[in-house]
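**Student:** Quick one: the structure is below, questions incoming.
The values are calculated or read from the model by the stated rules, or taken from the named source; none is laboratory data. As the structure is a computational prediction, the values presented were derived from the model and not from experiment. So basically every Cβ, Gly included, is an ideal-geometry build from the backbone, and we count neighbours across all protein chains shown. These accessible areas exclude ligands, DNA and RNA; they are computed on the full protein's heavy atoms, side chains included. Shrake-Rupley method; radii C 1.70, N 1.55, O 1.52, S 1.80 Å.
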Amino acid sequence: MIEIQHLKKEFNGTEVLKDISEEVDKGQVICVIGPSGAGKSTFLRCLNVLEKPTSGKVLFEGKDLTDISDKELDELREKMGMVFQGFNLFPNMTVIDNIKIAPIKVKGISDEEATKTAKELLTKVGLADKADVFPDSLSGGQKQRVAIARSLAMDPEVMLFDEPTSALDPEMVDEVLNVMQGLADSGMTMVVVTHEMGFAKEVADQIWFMADGYIQETGAPDEFFSHPTSDRAKEFLKKVL
Ligand code: ADP
Ligand code: MG
């Protein structure tokens, strides 16, 4: 579904991503882990070209996102949902309007249909009773679940998550991870940058360990967590496990 070829990204002459080549298959859940500053967020933002790679290719369903018109890029981006650490909900809109706005404005879906889908999604993330409240009245965990529902409303083919639980109070982490696990179980293709090692172990099909701008090592979670091969990964796991 996504093919990354020799991806490099520099900021002002500093190489932050240094020659990354990997593939994401349909239905796969990839967890990207690694120390702070490794380049994980930059990498994720290059996948949907929110950040333009300095060189290399990002193929999404066979099309090179770094080499297409803005119009085509916008269309393909609609198929890639993204959820960040912050929730970025529109504060002046109710929860359900937050979820409905993009399908209506961007996809031209009718209000009736968008409402129906939004309600289904709110039920899916356990917030059916919050449709008509404003984001301010929600907890962090609830906001993040709305953000996930909002992303899903565009009917994406892949979901990208950048540390979706790291701004949350500890007691709210699980409610968000549970929604993500449900999404994974339903077959969604996901690339998840996370510090939640339990989630990564349990839900990932593959771990990509990133440090110093490289994906240093990839592997099935069982293998990676019990027998990391690179020194960087060993050192990292000693700190976090
Ligand atoms: P991670 O998400 O793994 O913590 P990031 O991708 O956020 O890492 O950052 C990797 C490196 O790239 C850091 O050194 C960071 O300072 C740098 N960086 C990220 N974004 C920018 C930017 N827009 N301009 C300059 N440097 C950046
Ligand atoms: Mg980051």
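**Student:** Could you list, in sequence order, all residues of the range 21-34 that are touching a residue at least 60 places away in the same chain (Cβ under 8 Å) and either assigned to a strand (DSSP E or B) or buried (at least 17 other Cβ atoms within 10 Å of the Cβ) (or both)? Lay out the reasoning, then the answer.
**Tutor:** Within the range 21-34, the subset touching a residue at least 60 places away in the same chain (Cβ under 8 Å) is 22, 24-34.
Listed by number, the residues that qualify are GLU22, VAL24, GLN28, VAL29, ILE30, CYS31, VAL32, ILE33, GLY34.
**Student:** A follow-up question, please. Which one of these is part of a loop (DSSP other than H, G, I, E, B) and surrounded by 19 or more Cβ atoms within 10 Å (Cβ to Cβ): LEU89, LEU121, LEU44? Full working, then the answer.
**Tutor:** On the way: LEU121 fails: part of a loop (DSSP other than H, G, I, E, B); LEU44 fails: part of a loop (DSSP other than H, G, I, E, B).
Every option except LEU89 fails the conditions.
**Student:** Residues of the range 172-195 being more than 26 Å from PHE60 (Cβ to Cβ) and within 16 Å of ligand 1 (Cβ to nearest atom), which ones?
**Tutor:** Selection gives HIS195 alone.
**Student:** Could you check, for the range 201-210, whether at least one of its residues is within 16 Å of ligand 2 (Cβ to nearest atom), under 26 Å from ILE20 (Cβ atoms) and either part of a helix (DSSP H, G or I) or among the aromatic types (Phe, Trp, Tyr) (or both)?
**Tutor:** Narrowing the range 201-210 to residues within 16 Å of ligand 2 (Cβ to nearest atom): 208-210.
After this cut, where a residue has to be under 26 Å from ILE20 (Cβ atoms) as well, the list is 208-210.
From the residues that got through so far, the ones that are either part of a helix (DSSP H, G or I) or among the aromatic types (Phe, Trp, Tyr) (or both) too are 208-209.
Yes, some residue in the range 201-210 is within 16 Å of ligand 2 (Cβ to nearest atom), under 26 Å from ILE20 (Cβ atoms) and either part of a helix (DSSP H, G or I) or among the aromatic types (Phe, Trp, Tyr) (or both).
**Student:** What are the pairs with Cβ atoms under 7 angstrom where one residue, in the range 158-169, is closer than 11 Å to MET180 by Cα and the other, located anywhere, is open to solvent by 10 Å² or more (accessible area, probe 1.4 Å) and among the polar types (S, T, N, Q)? Sequence gap at least six, or different chains.
**Tutor:** MET159/SER151; PRO164/GLN85
**Student:** Does any residue of the range 30-48 turn out to be of a type in the set (Phe, Trp, Tyr) and within 16 Å of ligand 2 (Cβ to nearest atom)?
**Tutor:** At the first step, the residues of the range 30-48 found to be of a type in the set (Phe, Trp, Tyr) are 43.
Remaining after also requiring within 16 Å of ligand 2 (Cβ to nearest atom): 43.
Scanning the range 30-48 turns up at least one residue that is of a type in the set (Phe, Trp, Tyr) and within 16 Å of ligand 2 (Cβ to nearest atom).
**Student:** Could you check the range 155-171 and list, in sequence order, the residues that are within 16 Å of ligand 1 (Cβ to nearest atom) and part of a loop (DSSP other than H, G, I, E, B)?
**Tutor:** Of all residues in the range 155-171, those within 16 Å of ligand 1 (Cβ to nearest atom) come to 160-167.
Those that are within 16 Å of ligand 1 (Cβ to nearest atom) and part of a loop (DSSP other than H, G, I, E, B): GLU163, PRO164, THR165, SER166, ALA167.
**Student:** Of all the residues that make up the range 92-116, how many are in contact (Cβ under 8 Å) with a residue 12 or more places away in the chain and open to solvent by 50 Å² or more (accessible area, probe 1.4 Å)? Reasoning before the result, please.
**Tutor:** To start, the set of residues in the range 92-116 that are in contact (Cβ under 8 Å) with a residue 12 or more places away in the chain comprises 92-96, 98-100, 102-103, 106-107, 114-115.
Next, from what is left, pick out any that are open to solvent by 50 Å² or more (accessible area, probe 1.4 Å): 92, 106-107.
The qualifying residues number 3.
**Student:** Look at SER55 and say whether it is among the hydroxyl-bearing types (Ser, Thr, Tyr) and within 18 Å of the chain's Cα centre (by Cα).
**Tutor:** Details: among the hydroxyl-bearing types (Ser, Thr, Tyr): yes; within 18 Å of the chain's Cα centre (by Cα): no.
No: the conditions fail for SER55.
**Student:** If you don't mind, another one. Failed condition for ASP97, given (1) assigned to a loop (DSSP other than H, G, I, E, B); (2) more than 16 Å from ligand 2 (Cβ to nearest atom); (3) of a type outside the set (A, V, I, L, M), with all others met?
**Tutor:** Failing condition for ASP97: (1).
**Student:** Taking only pairs six or more apart or across chains, which ones have beta-carbon atoms under 9 Å, a first residue in the range 40-57 that is over 13 Å from ILE4 (Cα atoms) and within 8 Å of ligand 1 (Cβ to nearest atom), and a second residue that is in a helix (DSSP H, G or I) and of a type in the set (A, V, I, L, M)?
**Tutor:** GLU51/LEU44
**Student:** Kindly indicate whether LYS63 is open to solvent by less than 40 Å² (accessible area, probe 1.4 Å), touching a helix residue (DSSP H, G or I) at 6+ places or on another chain (Cβ under 7 Å), more than 16 Å from ligand 1 (Cβ to nearest atom) and among the basic types (Lys, Arg).
**Tutor:** On the way: open to solvent by less than 40 Å² (accessible area, probe 1.4 Å): no; touching a helix residue (DSSP H, G or I) at 6+ places or on another chain (Cβ under 7 Å): yes; more than 16 Å from ligand 1 (Cβ to nearest atom): yes; among the basic types (Lys, Arg): yes.
When the stated conditions are applied, LYS63 does not pass them.
**Student:** Going residue by residue through the range 175-190, is there one that turns out to be part of a loop (DSSP other than H, G, I, E, B), within 16 Å of ligand 2 (Cβ to nearest atom) and either open to solvent by 60 Å² or more (accessible area, probe 1.4 Å) or not β-branched (Val, Ile, Thr) (or both)? Give the derivation first.
**Tutor:** Residues of the range 175-190 part of a loop (DSSP other than H, G, I, E, B): 186-188.
Of the ones still in play, those that are also within 16 Å of ligand 2 (Cβ to nearest atom) are none.
No, because not a single residue in the range 175-190 is part of a loop (DSSP other than H, G, I, E, B), within 16 Å of ligand 2 (Cβ to nearest atom) and either open to solvent by 60 Å² or more (accessible area, probe 1.4 Å) or not β-branched (Val, Ile, Thr) (or both).
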